[in-house]
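The values are calculated or read from the model by the stated rules, or taken from the named source; none is laboratory data. None of the values given here were measured: they were computed from a predicted structure. In this analysis, Cβ positions are derived from the backbone assuming ideal geometry, glycine residues included, and neighbour counts consider all displayed protein chains.
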Ligand code: 13P
């Protein structure tokens, strides 16, 4: 973290978990546990159908609500899809784009990720752009090339003044839901590389101000060490974000000096 130059953001990604009633219950429990003063922004990204319940439940808690996906067209004959304007109108602030599960199971590509980033920014949302390598790619030694490609394609055509609203999340696929966390050194190495990539594209000032999160089995026991890395400005948390107690422990880890 480096709070002098950029925001620390702790975001939960609920994936396909929790009903609207469970969302309300989670928020009530979270409210009793959240620290009064927070030095980080807290975000909860929930399934699309739970967004109205989440907006209502997290109101007055200084917890922002995020979506887990968005479609890039503004409106039209796209059965089952949700537009950025629809999310914005509900009061959504963040939207996860290009999560590896969407790339793996739903045909998301670097091209669609870029279109979605543009659509989200156009609507006034804050995209959380996910990048990350598979175990095979890491073992082949092509992690950095792949990350550079993902970052550059996601940000293609994004003007500097809009980049301030973007968050990049480094999520090594082999660490997601596996209990296998990247070591702080591995995570820091890639997050620093992402900042360098942004610096080459947009210059030092903007690179310094962008929030870069780590995601992949982040939990109370490893959060402090990961967040102590200067280029890791928060977390995108799956499993541990489903339990209010564990989520708050991670928020507290980000709250330290
Ligand atoms: P886990 O924290 O469950 O590994 O999930 C990480 C993730 O995919 C967040 O987007």
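Please pick out the residue among 240, 224 that is within 25 Å of residue 26 (Cα to Cα), in contact with a helix residue (DSSP H, G or I) (Cβ under 9 Å, 6 or more places away or on another chain), within 13 Å of the ligand (Cβ to nearest atom) and not in a strand (DSSP E or B).
240
Residue check: is residue 155 out of contact with any strand residue (DSSP E or B) (no Cβ under 7 Å at 6 or more places or on another chain), closer than 22 Å to residue 125 by Cβ and surrounded by 20 or more Cβ atoms within 10 Å (Cβ to Cβ)?
When the stated conditions are applied, residue 155 passes them.
Conditions: (1) more than 18 Å from the chain's Cα centre (by Cα); (2) more than 25 Å from residue 35 (Cα to Cα); (3) away from the ligand (no atom under 16 Å from the Cβ). Residue 256 meets all but one. Number of the miss?
Residue 256 satisfies every listed condition except (2).
Provide a single number: the residues in segment 151-170 that are in a helix (DSSP H, G or I) and within 16 Å of the ligand (Cβ to nearest atom).
Of the residues in that region, 1 qualify.
Go through (1) within 26 Å of residue 245 (Cα to Cα); (2) touching a strand residue (DSSP E or B) at 6+ places or on another chain (Cβ under 8 Å) for residue 210 and report which single condition fails.
Going through (1) within 26 Å of residue 245 (Cα to Cα); (2) touching a strand residue (DSSP E or B) at 6+ places or on another chain (Cβ under 8 Å) one by one, residue 210 breaks only (1).
Run residue 149 past the list (1) touching a helix residue (DSSP H, G or I) at 6+ places or on another chain (Cβ under 8 Å); (2) over 20 Å from residue 84 (Cα atoms); (3) surrounded by 15 or more Cβ atoms within 10 Å (Cβ to Cβ) and report the number of the one that doesn't hold.
Here residue 149 clears every test but (3).
Regarding residue 148, is this residue under 16 Å from the mean Cα position of the chain (by Cα) and either away from the ligand (no atom under 16 Å from the Cβ) or not in a strand (DSSP E or B) (or both)?
On the way: under 16 Å from the mean Cα position of the chain (by Cα): no; either away from the ligand (no atom under 16 Å from the Cβ) or not in a strand (DSSP E or B) (or both): yes.
Judged against the criteria, residue 148 is not a match.
If you check 52, 47, which single one turns out to be farther than 24 Å from residue 252 by Cα, within 14 Å of the ligand (Cβ to nearest atom) and out of contact with any strand residue (DSSP E or B) (no Cβ under 7 Å at 6 or more places or on another chain)?
On inspection, the qualifying residue turns out to be 47.
Quick one: how many residues across segment 84-119 are touching a strand residue (DSSP E or B) at 6+ places or on another chain (Cβ under 6 Å) and more than 16 Å from the ligand (Cβ to nearest atom)?
4
Scan segment 130-156 and report the pairs whose first residue is over 22 Å from residue 234 (Cβ atoms) and whose second residue is within 16 Å of the ligand (Cβ to nearest atom) and assigned to a helix (DSSP H, G or I), with Cβ atoms within less than 8 Å and a gap of 6+ or a chain change.
134/173; 134/174; 135/173; 135/174; 138/174; 153/113
If you scan segment 171-212, which residues turn out to be outside any loop (DSSP other than H, G, I, E, B), within 13 Å of the ligand (Cβ to nearest atom) and out of contact with any helix residue (DSSP H, G or I) (no Cβ under 8 Å at 6 or more places or on another chain)?
175
Please state which of the following conditions residue 216 fails to meet, knowing it meets all the rest: (1) touching a residue at least 12 places away in the same chain (Cβ under 8 Å); (2) within 15 Å of the ligand (Cβ to nearest atom); (3) over 14 Å from the mean Cα position of the chain (by Cα).
Of (1) touching a residue at least 12 places away in the same chain (Cβ under 8 Å); (2) within 15 Å of the ligand (Cβ to nearest atom); (3) over 14 Å from the mean Cα position of the chain (by Cα), only one is false for residue 216: (3).
Being at pLDDT 95 or above, within 17 Å of the chain's Cα centre (by Cα) and closer than 23 Å to residue 249 by Cβ narrows it down to one residue among 98, 66; which is it?
Unique residue meeting the criteria: 66.
Out of 254, 241, I need the residue that is more than 21 Å from residue 47 (Cβ to Cβ), crowded, with 20+ Cβ neighbours inside 10 Å and touching a residue at least 40 places away in the same chain (Cβ under 8 Å). Which one?
Sole residue among the options that is more than 21 Å from residue 47 (Cβ to Cβ), crowded, with 20+ Cβ neighbours inside 10 Å and touching a residue at least 40 places away in the same chain (Cβ under 8 Å): 254.
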